[in-house]
Amino acid sequence: MVKGLLIGEKMQKTEQEGRFEMIKARHKATYQTALLQGKVDEQMRELCSFIAGTKGFYTSSCCSGRIMLLEKRGEKKKENFFHRKWHREITKEELLEGFKEKIKGELWFKVEPFILHIGCKTLEDANKILSAMKKAGVKRGGIMIAQKEKFLIELQGTASIGLPIKKAEKELVTEQYLTHSVLGKANTFISNNYKRLKKLEEELSKDLE
């Protein structure tokens with residue numbers, strides 16, 4: 001009876017490990033395709049490639065953080081359009097060029113921090129991610145899914161800006177406010193965001209295998 005139970009537990013463990021390897025292989029293939037197509041943010045490539053090469057981890061989605069002008073033409077996500085998008089600090093000229101162009105909806109100026117989803121094989125592996133997160137000073141993150149087959153962690157930066165600046169042809173803020181008050185903060189936020197992301201990469205590279 002005991003022997004039968006041990007065999008059953010061993011088979012269940014093997015099956016779970018097989019499911020994880022299948023999930024990891026699928027996400028790795030998706031990542032490699034996105035990488036070849038130039039769809040992975042430059043600031044995320046080294047980190048995500050490192051994670052893809054480990055045994056017990058994979059990335060399911062990522063964004064390095066960005067400054068953008070987003071045109072909203074409705075409440076649904078599919079009704080929002082990127083008017084401008086930058087994964088770096090921007091100049092006064094770049095901001096005003098986008099601000100002055102004609103739009104149909106409402107134009108928002110936004111800064112979004114990095115976001116990264118990491119899949120783990122075990123709870124012990126998940127705790128390694130959370131430990132590295134704390135060492136890197138990342139304050140927002142946790143386990144989103146906790147199952148025998150899968151642990152999924154979300155890590156995210158905290159600095160963000162979001163404000164409407166134009167509605168159709170009506171400017172809701174002045175050029176001076178945009179270039180003197182908003183632009184400086186946005187560039188500082190995105191610069192610090194990338195520094196934090198690099199620190200996270202350094203901490204994860206110490207602990208993951």
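The values are calculated or read from the model by the stated rules, or taken from the named source; none is laboratory data. Since this is a predicted model, take the numbers as computed values, not measurements. Positions of Cβ are backbone-derived with ideal geometry, glycine not excepted, and every protein chain shown enters the neighbour counts.
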Counting just the residues of the stretch 170-209 that are assigned to a helix (DSSP H, G or I), buried (at least 19 other Cβ atoms within 10 Å of the Cβ) and among the aliphatic types (A, V, I, L, M), which one comes out nearest to the chain's Cα centre (by Cα)? L197
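Each row is one residue, and each column tells you yes or no for (1) within 27 Å of L152 (Cβ to Cβ); (2) of a type in the set (A, V, I, L, M, F, W, C); (3) at pLDDT below 95; (4) part of a helix (DSSP H, G or I).
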residue	(1), (2), (3), (4)
G4	no, no, yes, yes
I7	no, yes, yes, yes
T14	yes, no, yes, yes
F20	yes, yes, yes, yes
K28	yes, no, yes, yes
T54	yes, no, yes, no
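Residues I90, I67, I103, I118: which one is of a type outside the set (D, E, K, R), assigned to a loop (DSSP other than H, G, I, E, B) and either modelled with pLDDT of 95 or more or on the phi > 0 side of the Ramachandran plot (or both)?
Values: I67 fails: assigned to a loop (DSSP other than H, G, I, E, B); I103 fails: either modelled with pLDDT of 95 or more or on the phi > 0 side of the Ramachandran plot (or both); I118 fails: assigned to a loop (DSSP other than H, G, I, E, B).
Result: I90 is the single residue among I90, I67, I103, I118 that is of a type outside the set (D, E, K, R), assigned to a loop (DSSP other than H, G, I, E, B) and either modelled with pLDDT of 95 or more or on the phi > 0 side of the Ramachandran plot (or both).
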Selected residue [farther than 17 Å from L95 by Cα and modelled with pLDDT of 95 or more] from I190, I153: I153
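Conditions tested, residue by residue: (1) part of a strand (DSSP E or B); (2) of a type in the set (D, E); (3) more than 20 Å from L208 (Cα to Cα).
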| position | (1), (2), (3) |
| --- | --- |
| E124 | no, yes, no |
| K128 | no, no, no |
| K134 | no, no, no |
| G142 | yes, no, no |
| L152 | yes, no, no |
| G162 | yes, no, yes |
| I165 | yes, no, yes |
Expected output for the stretch 116-133 (first residue in contact (Cβ under 8 Å) with a residue 40 or more places away in the chain, partner among the small types (G, A, S) and part of a helix (DSSP H, G or I), Cβ below 7 Å, 6+ apart or cross-chain) is C120/A126
Mind listing whichever residues of the stretch 114-143 are surrounded by fewer than 18 Cβ atoms within 10 Å (Cβ to Cβ), farther than 30 Å from K185 by Cβ and of a type outside the set (D, E, K, R)? T122, L123, N127, S131, I143
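Given the structure, is K78 crowded, with 17+ Cβ neighbours inside 10 Å and at pLDDT below 95? Spell out the reasoning first.
Numbers: crowded, with 17+ Cβ neighbours inside 10 Å: no; at pLDDT below 95: yes.
So K78 does not fit the description; no.
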